[in-house]
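Chemist: The structure's right below; bear with me while I get my questions together.
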Amino acid sequence: MKVLIKKSIASLLTTIVLMGAFLVNQDNASKVNADVGQIPLDIPTLEEVNAQAYCVFDKTAGEVILSKNPDQTIYPASMTKIMTALLGLDYLSTDAYLTVSQESIDATTFDSTLMGLSVGESVKVSELLYGMMLPSGNDAANVVAEGVVEALINQYPSTSDEVGPDGVNASYLETALGMSSQEILETSELAAFAKLMTLRATNIGCTGSNFVNANGLHDDMHYTTASDLTLIMSKAIENPDFCTIISSPTHIFAGTNIHTEDGWSIVRNTNNLLNDPWLAATTHEGEETHLAALIGGKTGTTSVAGTGMTLYTVNENGHELLISVCGIPYEESGWQTRYVASVTAYGNLQCWQNDPQSVIPGTTGDYRRFNSTLEEQPQYDPLIIPGQNTDMSGYPYSDVATTEPTISDEANPEESNPSSTGQVGKDEDEDKEDEDEKDKEQLAIVIFAKENTVFFVALSVLALLIVLCLTMVIIRVINIQKRKRRKPKMRPKRSAGDYIR
């Protein structure tokens, strides 16, 4: 019996410990989301943004709404590739193939970011554009630059009256470089492309830019301004292919004559805000910025230029914003994302304050695309499935976004249920709502338990102790009853003679 009592006590104590551990663990589990080990990140205030210059250009309103030294000369680094991609898309077909030259490889440095091309490789233009914009491949940018110059000279020769997208033909390059078209093709295609870049910058209204290469490697004569970068980006986003490229977080390269296997390289976008736009959803003070979508952008980093980024975003009021942050000190490169997020946040807030009307339903602040719990995940993409009355004309993917809902998209009881009155479908909906309410009532105690863990642990321990005490009392009573039932054996009385043998 004693052994049974000891085992019972041990079992009850074990149950108490396990119950307490379970409830504590349930409380901790309720606080854990997908961001295991990732702390909330507060973006800096504008005053804390350590950048040489920044500029927020409202393309819709046609004005700069937030800036710091917007016209100060800066080195753009790989943000140069925005212009290279713009010219590439204007002069070349994305389905065309270009061959990698020795010159395009030689015009990179040992520490360049590269797509990974080889001399003699035949690569599709669209792949080269991904190669320059996502991993920031200097080799890909050079190949596209050579292709543009060849296209200009071949399609718009100096002997023709026809001109290209920049209003010039090959004679412009011949004059600028002081050599014939043939000499340019043989020795100076990259230099010719730089002349074309500067011409395009002037044509779109830039006043402080001069380019000497296609990729952004440092040169004292290769410079621009934050304001000019927003104008270049503003022009580039008018091409849907450009928007598709900069909005891509990754890209898998197709096989070529050199790299024969599809997927020979898988690259990621250097723009970290593309994956975590929620960082710019609120300001440092916690105010909602009304950022509806962060489409994409291009980063740029060299030891001399520092680091920076130029972005394309859309505000809830429908305004398109081009944001450029330049000259973040190289030693603070790790702060690039936070600094850019800060300028993006305050720029979008200023845009909303200038025109506080909701045009695009849902904002980036309503959800988190990655590292999110189920509740934080998007329910719909505001640019793909806008509201019924939303006018998305002029915005990316407008051919999809402006599609009005059809009858089949709306609740139609006659189509969803054989009954002509639709009453059965209505009853089913009501039954489902009743079941949901019952489920909520049943879950209420569980939710209360998770929110009041200490109370429930104490209550559970107390209840188990009471059970333990009652069990011991019951066992004690049973033992006493058994003793009372047990009759002692009486020895027969003996006389004195019984002891005489």
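Chemist: Do we have Thr230 as under 18 Å from Leu86 (Cα atoms), buried (at least 17 other Cβ atoms within 10 Å of the Cβ) and β-branched (Val, Ile, Thr) here?
Modeler: Details: under 18 Å from Leu86 (Cα atoms): yes; buried (at least 17 other Cβ atoms within 10 Å of the Cβ): yes; β-branched (Val, Ile, Thr): yes.
In short, yes.
Chemist: Here are Met197, Met132: which of them is in a helix (DSSP H, G or I), among the hydrophobic types (A, V, I, L, M, F, W, C) and in contact with a Phe, Trp or Tyr (Cβ under 8 Å, 6 or more places away or on another chain)? It would help to see each step written out before you state the result.
Modeler: Numbers: Met132 fails: in contact with a Phe, Trp or Tyr (Cβ under 8 Å, 6 or more places away or on another chain).
The match here is Met197.
Chemist: Continuing with the same structure: Given Ser158, Ser171, Ser181, Ser188, which one is closer than 22 Å to Lys81 by Cβ, without any contact (Cβ under 8 Å) to a residue 40 or more places away in the chain and surrounded by fewer than 23 Cβ atoms within 10 Å (Cβ to Cβ)? Explain how you work it out, then say what you get.
Modeler: Working: Ser158 fails: closer than 22 Å to Lys81 by Cβ; Ser171 fails: closer than 22 Å to Lys81 by Cβ; Ser181 fails: closer than 22 Å to Lys81 by Cβ.
Ser188 is the lone residue from the list that is closer than 22 Å to Lys81 by Cβ, without any contact (Cβ under 8 Å) to a residue 40 or more places away in the chain and surrounded by fewer than 23 Cβ atoms within 10 Å (Cβ to Cβ).
Chemist: Let me ask something else. Considering only residues that are closer than 14 Å to Val325 by Cα and out of contact with any Asp or Glu (no Cβ under 9 Å at 6 or more places or on another chain), which ones fall in the stretch 56-65?
Modeler: The answer is Val56, and nothing else.
Chemist: Looking at the stretch 65-101, which of its residues are farther than 18 Å from Thr299 by Cα and part of a loop (DSSP other than H, G, I, E, B)?
Modeler: Those that are farther than 18 Å from Thr299 by Cα and part of a loop (DSSP other than H, G, I, E, B): Asn69, Asp71, Gln72, Leu92, Ser93, Thr94, Asp95, Ala96, Val100, Ser101.
Chemist: Would you confirm, using the coordinates I've provided, whether Val168 is of a type outside the set (Ser, Thr, Tyr), assigned by TED's automatic domain parsing to the domain that holds Leu89 and under 33 Å from the mean Cα position of the chain (by Cα)? Working first, answer last.
Modeler: On the way: of a type outside the set (Ser, Thr, Tyr): yes; assigned by TED's automatic domain parsing to the domain that holds Leu89: yes; under 33 Å from the mean Cα position of the chain (by Cα): no.
Criteria not met by Val168.
Rundown of residues vs (1) of a type in the set (D, E, K, R); (2) in contact with a Cys (Cβ under 7 Å, 6 or more places away or on another chain); (3) under 23 Å from Met133 (Cα atoms), yes/no style:
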site	(1), (2), (3)
Val56	no, no, yes
Lys59	yes, no, yes
Glu63	yes, no, no
Ser67	no, yes, no
Pro70	no, yes, no
Thr80	no, no, yes
Met83	no, no, yes
Leu89	no, no, yes
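Chemist: For Lys235, which of the numbered conditions (1) part of a loop (DSSP other than H, G, I, E, B); (2) not assigned by TED's automatic domain parsing to the domain that holds Tyr97 fails to hold?
Modeler: Of (1) part of a loop (DSSP other than H, G, I, E, B); (2) not assigned by TED's automatic domain parsing to the domain that holds Tyr97, only one is false for Lys235: (1).
Chemist: Just to be sure I understand, how many residues within the stretch 234-290 are over 21 Å from Ala345 (Cβ atoms) and of a type in the set (D, E, K, R)?
Modeler: Final tally of qualifying residues: 6.
Chemist: Of these, Thr260, Thr307, Thr313, which one is at pLDDT 95 or above, surrounded by 18 or more Cβ atoms within 10 Å (Cβ to Cβ) and of a type outside the set (Gly, Ala, Ser)? Let's see the steps before the verdict.
Modeler: Values: Thr260 fails: surrounded by 18 or more Cβ atoms within 10 Å (Cβ to Cβ); Thr313 fails: at pLDDT 95 or above.
From the options Thr260, Thr307, Thr313, the qualifying one is Thr307.
The values are calculated or read from the model by the stated rules, or taken from the named source; none is laboratory data. On a predicted model such as this, the values are computed, not experimentally measured, just so you know. With ideal geometry, Cβ positions are generated from the backbone for all residues, glycine too; neighbour counts draw on all protein chains shown.
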